[in-house]
Amino acid sequence: MTLAYVSLPGRGETDAFLRAAADHLAGRGLKVAGTVQTNSERACTHHCDMDVRVLPDGPVIRINQDLGPGSTGCRLDPGALETAVAEVGPRLAGADVLILNKFGKHEAEGRGFRTLIGESMAEGIPVVIGVNALNLPAFLAFAEGCAKPLSGDLAALERWLSNLRAVAAE
């Protein structure tokens with residue numbers, strides 16, 4: 001099972017864990033590919049700006065669009081998301097792990113990072129992905145029972161990766 005997901009309660013907790021995980025694993029010498037997200041609060045609105053950093057070394061891409069103060073629709077900029085996907089693809093070669101900020105609506109509908117997730121798994125690259133409660137049913141359907149839930153604990157993530165490497169070495 002080379003697919004794991006993190007779904008932590010609290011706004012921004014999953015993003016914070018995945019950023020810490022990417023930095024920690026890179027610091028341990030692993031080649032980390034993917035994206036991590038940072039949300040920045042905006043004055044005079046409940047909306048935030050959403051930026052993803054393409055791992056390991058950028059670029060940073062703003063993935064939201066400003067629809068105005070009264071907007072209630074999805075603020076994701078699909079073009080920016082696809083730019084992030086295009087930036088991650090070439091970085092998969094030789095990666096030890098793929099970390100993705102979110103399995104969202106686009107992935108649930110067959111777009112976004114979905115193809116890269118499948119390609120990574122087919123190549124034996126472990127995938128760790130953030131999933132919020134809204135998209136969890138679609139993610140679990142996509143994973144078909146082959147995804148491991150992980151806690152927000154770096155030691156648990158390292159154990160999971162070590163177990164995968166041990167199985168691959170056999």
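Computed about its Cα centre, the charge dipole of region 53-156 is approximately 220 debye, with only Lys, Arg, Asp and Glu carrying charge at their Cβ. Couplings 3J(HN,Hα) of region 153-163, computed from phi: 10, 4, 5, 5, 4, 4, 4, 4, 5, 4, 4 Hz, in residue order, whole Hz [Karplus 6.51 cos²θ - 1.76 cosθ + 1.60, θ = phi - 60°; x for Gly and Pro]. Gain in length, Arg165 to Arg11, computed as 0.36 nm per residue apart minus the alpha-carbon separation, to one decimal in nm? Value of the extension gain: 52.2 nm. Excluding same-chain neighbours fewer than eight residues apart, the lysines reachable from Lys148 by a Cα-Cα span under 19 Å are Lys102. Region 102-153 and region 12-31 have Cα centres separated by 17 Å.
With helices as the sole contributors, the chain gives -11000 deg cm²/dmol at 222 nm; each DSSP H run of n ≥ 4 counts as -39500 (n - 2.57), and the sum is divided by every residue.
For Leu100, Leu3, what ranking results if the residue with the fewest other Cβ atoms within 10 Å of its Cβ goes first? In order of increasing Cβ crowding within 10 Å: Leu3, Leu100.
Any chance you could run the full-extension gain for Ser151 through Ala20? It's 0.36 nm times the residue separation minus the Cα-Cα distance, nm to one decimal. Walk me through the intermediate numbers first.
Numbers: separation 131, 0.36 × 131 = 47.16 nm, distance 1.32 nm.
That pair, Ser151 and Ala20, stretches by 45.8 nm at full extension.
Cβ crowding within 10 Å, taken as a proxy for footprinting-reagent exposure, orders Met50, Met121, Met1 from fewest neighbours to most as Met1, Met121, Met50.
Read the figures in this text as sums done on the coordinates, not as results from a lab. Predicted model only: the values in this text are computed from it and were never measured. Reconstructed Cβ throughout: ideal geometry from the backbone, glycine too, with neighbour counts over all protein chains shown.
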